[in-house]
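K.L.:
Below: one structure in structure tokens.
The values are calculated or read from the model by the stated rules, or taken from the named source; none is laboratory data. Nothing here was measured: the structure is a model prediction, and the numbers come from that model. Note: ideal-geometry Cβ built from the backbone for every residue, glycine included; neighbour counts use all protein chains shown. Ligands, DNA and RNA are excluded from the accessible area calculation, which covers all protein heavy atoms including side chains. Shrake-Rupley method; radii C 1.70, N 1.55, O 1.52, S 1.80 Å.
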Amino acid sequence: HRDLHSFPTRRSSDLNMLLNADKTVIMNILLNYRNEYNEYNDPVILSNEVSISPSHTAKFLGITLDNHLSFSKHVESLVSSCDSRLFLLRQLKVLGMNENALKNFYLANIRSILTYASPAWFSRLSDGDKSSLERIQRSATRTIFPDHSYEDRLTLLNIPTLSDFIFDLSKRHFNKIASDPEHPLFSRVIRNTGRTSSRLNTIFRPKICKTQKRAKSFFPIMMSHFNTIQP
């Protein structure tokens, strides 16, 4: 790979491009924390002499990305957003709303926020970030059934843990991709058509991942999972 610092700084006007500085974000993706000193920090200069400096975070389609793809900033945003909704849930409880209605409020207004596009980012989270998300569901179910343990509350509400729910979402999403040749991501699903070994009775052939971040991404995780459950 070429050193990014070897590329000359060019104006967008040199490339016949007009950028909206208010809607443009530059972010350098650094999967290896040890390579931060190689980060490319030179600003991009627009034709009107407005410059845009690289950012460590960016929001894209409702997902907060950070420059290490850890999604910790996204979790912080989710927790902050859902804390206010938990307050509203408690107020509805005080006003006498029954358990079934409180459950529906949680599913529609809190869990839906926590799990938005979750197959794309949940597997990359640290254990601490996953616990932060699970804490939101713990708090919500405690509001509905304050005198029961978390496991009993899940049974009474007939819902799984947040981690299990997201993993089921991921499996359904993967199956949808794998069964539709017209899907834009279908080519990312690598089927085991070249191996002849009878010892490996697998459907998929995930690529060998050289980094933990790659190994924890959506497609390797799902392909490995469905290979594991084969007889």
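K.L.:
Calculate one ³J(HN,Hα) per residue across the range 58-65 by plugging θ = phi - 60° into the Karplus curve 6.51 cos²θ - 1.76 cosθ + 1.60, and present them in order as whole Hz with x for glycine and proline.
P.N.:
Values per residue, Gly and Pro as x: 7, 9, 9, 6, x, 10, 8, 9 Hz.
K.L.:
In the structure displayed, which of K130/K176; K73/K176; K59/K171; K130/K216; K171/K216 lie more than 21 Å apart, Cα to Cα?
P.N.:
Flagged as over cut-off: K130/K176; K73/K176; K59/K171.
K.L.:
With a cut-off of at most 16 other beta carbons within 10 Å, and DSSP calling the residue loop, which chymotrypsin sites (Phe, Trp or Tyr not before Pro) in the range 99-196 qualify? Please list them.
P.N.:
Passing sites in the range 99-196 are Y116.
K.L.:
Enter the accessible area of S163 (Å², nearest 10), with the probe set to 1.4 Å and all protein chains included.
P.N.:
Its accessible surface works out to 40 Å², give or take rounding.
K.L.:
Related question: For the range 55-131, which trypsin sites (Lys or Arg not before Pro) are both in a DSSP coil and crowded by at most 14 other Cβ atoms within 10 Å?
P.N.:
When the trypsin sites (Lys or Arg not before Pro) of the range 55-131 are filtered for loop state and at most 14 Cβ neighbours within 10 Å, nothing remains.
K.L.:
Got a number for the accessible area of D164? Probe 1.4 Å, square angstrom, nearest 10.
P.N.:
Roll a 1.4 Å probe over it and D164 shows about 80 Å².
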